[in-house]
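Engineer: Sharing a structure here in structure tokens format.
The values are calculated or read from the model by the stated rules, or taken from the named source; none is laboratory data. Quick caveat: nothing in here was measured; it's all calculated off a predicted structure. For neighbour counting, all protein chains shown are included, and Cβ atoms are generated from backbone atoms with ideal geometry for every residue, glycine included.
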Amino acid sequence: MDRCIVLVDAGYLLGAAASLLAGEPSRSRITVDHAALIQGLRDRAESDTSRPLLRIYWFDGAPDRVPQPEHRRLRVMPRVTVRLGALTRSDGRWAQKGVDAAMHAELTELARNRACSDIVLVTGDGDLLPGMMAAKEHGVAVHLWAVQAADGDYNQSEDLVAEADERRVLDRAWITKAVRAKEDYSGVCAPAPTARPEIAAILSAPLPESAPAPGEESAAQESPHPAAAGHNGTGERAPAVKGVPTPKDLAALRGPGAPHPHQPQSATLRWSSDKGWVDRPVAEPLEAASMPTLAQLTTAEQRWADREEDITTVGGDPFEVGQVFARRWVERLGDQSGIQKLSGMYPRIPHRVDGELLRYAARFGLLAHKDDQIDERDRYAIRAGFWRELDVRTGTDRAPVGD
């Protein structure tokens, strides 16, 4: 039939794009506009082959073959079919399993059934060479597309390149229409860490349960090693254990009642922000602690609409994810009086809301390839997006970092 089909190895396409734009093949370093990418592939395929597009097959890996958010967005797009292989971790690195075999099977089956006259392959793996040769034997023209290599050299199998009927290179100008390197959000919510005497004082504060009582400090220092003391029959004394106090420990030190005798007078629990280090109370204000979560404010109908928007509209950029979450939360919050109070808590998001925000962000693949943890840069970006949306709605003008 006089139509074309595109087979995309997503690992190759996005990994090579990350190398070109961000300097390393990690897909976590780039943001992808999948709608623009699919449209670009379609337009380019129809132009190069002079045939209408039948379908784009998107081959990718996923943990346990469970579709990730980007896969859910892709598979609801017109003329797109997603095929998933396994994503496994070995020696600290992620690797796709079964993707090449699935591409080979699809390529040969489409050619055998004469489903198209032209097939576009976006891949660099030489394992597809037998499938390419079989497709040619069935009278199908095979077009091989490469992503411009970061070092100017080939990033495809030489045998695959030699066997292709037509070759094209997706250059930087084409790639950047749908893919961009992630910006460094590490300074959006907090300044670069610097040495401060207040922090040193906090870290040097003894824990409540381990701090020696007045008058015992010298005795603890003079006490012999426990094993030696037991051997001499003079009794055992465990040395005082000194560790780094947690916020809970500090709350106990600063709570009601008599102050701890060894609590440094200058030690202050502070939060970092784009205005520097600011004092914050240890416990959340009652108004913040009692604020409802987005889940409590969302009806079943809204939940369905939210998921539809997440799949079809929200791109998954961490900053954008924080903004979308904040927009929904504020719009459904009946009592708006708490928003102004919340703005004064910046950069601290109420604990319950913050936990829900990060769980919501995890649905957009921000946990992928990171051992089920959102990295620090993305967490800063998510929370920065949340605060940006609140600032827009409250009319708050926060000075950018460095101002």
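Engineer: Restricting the search to the range 290-307, which residues are under 16 Å from residue 356 (Cβ atoms) and either within 26 Å of the chain's Cα centre (by Cα) or surrounded by fewer than 16 Cβ atoms within 10 Å (Cβ to Cβ) (or both)?
Structural biologist: If the condition is that a residue be under 16 Å from residue 356 (Cβ atoms) and either within 26 Å of the chain's Cα centre (by Cα) or surrounded by fewer than 16 Cβ atoms within 10 Å (Cβ to Cβ) (or both), then 290, 292, 293, 294, 295, 296, 297, 298, 302, 303, 306, 307 are the ones that fit.
Engineer: Take the residues of the range 143-166 that are assigned to a loop (DSSP other than H, G, I, E, B) and closer than 20 Å to residue 56 by Cβ: which is nearest to the chain's Cα centre (by Cα)?
Structural biologist: Per the stated criteria, the residue is 156.
Engineer: Hey, among 8, 32, which residue is surrounded by 19 or more Cβ atoms within 10 Å (Cβ to Cβ), within 15 Å of residue 169 (Cα to Cα) and in contact (Cβ under 8 Å) with a residue 12 or more places away in the chain?
Structural biologist: 8
Engineer: With respect to residue 48, determine if the residue is outside any loop (DSSP other than H, G, I, E, B) and surrounded by fewer than 21 Cβ atoms within 10 Å (Cβ to Cβ).
Structural biologist: Yes.
Engineer: Let me ask you something else. Could you list, in sequence order, the residues of the range 27-60 that are among the basic types (Lys, Arg), modelled with pLDDT of 95 or more and closer than 24 Å to residue 86 by Cα?
Structural biologist: 55 - this is the single residue of the range 27-60 that is among the basic types (Lys, Arg), modelled with pLDDT of 95 or more and closer than 24 Å to residue 86 by Cα.
Engineer: Is at least one residue of the range 342-354 within 30 Å of residue 90 (Cβ to Cβ) and modelled with pLDDT of 80 or more?
Structural biologist: no
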